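Step one of this worksheet: look at the structure below.
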Amino acid sequence: MSVQISLGAALIALYGIFWFWLSQRGRKLTNAEIDQYLSIIAKLPSPTKEIDAVISRMRAWAAADDGKPVYMFNLMRFFPQLRTFQVRQSSGAHRSKPMRSMKEPSHGCG
């Protein structure tokens with residue numbers, strides 16, 4: 001019985017640590033944090049030549065931080081039509097087939 005209690009206490013403590021680590025603590029970004037994040041972004045390889053303008057907009061966005069959670073919705077589209085890709089199989093027993101597109105309903109695996 002004490003092993004179960006110890007295991008339960010350890011799991012609760014582990015959950016608490018992860019909850020604290022991932023929770024929103026409601027504090028605004030500091031100028032040092034903004035500078036740190038933007039310097040990392042500036043070093044990344046970028047396909048655009050307007051990286052300075054992007055970083056400038058991100059600095060203004062980060063400076064206006066109110067400490068509340070941010071929710072983003074990705075609406076980027078890179079190709080005019082949805083492309084399909086061949087699924088690579090590890091053994092020769094299965095044939096490759098195109099992956100389902102996002103427009104087709106999914107009913108389980110495969």
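The values are calculated or read from the model by the stated rules, or taken from the named source; none is laboratory data. These figures come from a predicted structure and were not determined experimentally. Note: ideal-geometry Cβ built from the backbone for every residue, glycine included; neighbour counts use all protein chains shown.
At-a-glance table
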quantity	calculated
Of all residues in the range 19-29 being outside any helix (DSSP H, G or I) and out of contact with any Gly (no Cβ under 7 Å at 6 or more places or on another chain), the one that is surrounded by the most Cβ atoms within 10 Å (Cβ to Cβ)	LEU29
Answer from GLY67, GLY16 - the residue that is of a type outside the set (Val, Ile, Thr), surrounded by 10 or more Cβ atoms within 10 Å (Cβ to Cβ) and in contact (Cβ under 8 Å) with a residue 40 or more places away in the chain	GLY67
One residue from ALA9, ALA32 being part of a helix (DSSP H, G or I) and surrounded by 10 or more Cβ atoms within 10 Å (Cβ to Cβ)	ALA9
Where a residue in the range 51-62 is on the phi < 0 side of the Ramachandran plot and its partner, wherever it lies, is polar (S, T, N, Q) and surrounded by fewer than 11 Cβ atoms within 10 Å (Cβ to Cβ), with Cβ under 9 Å and at least six apart	VAL54/THR48
Total residues in the range 35-58, condition among the charged types (D, E, K, R) and either part of a helix (DSSP H, G or I) or touching a Phe, Trp or Tyr at 6+ places or on another chain (Cβ under 8 Å) (or both)	4
Residue in the range 35-51 that is nearest to PHE78 (Cα to Cα), counting only those that are surrounded by 10 or more Cβ atoms within 10 Å (Cβ to Cβ) and either under 19 Å from the mean Cα position of the chain (by Cα) or modelled with pLDDT of 85 or more (or both)	SER46
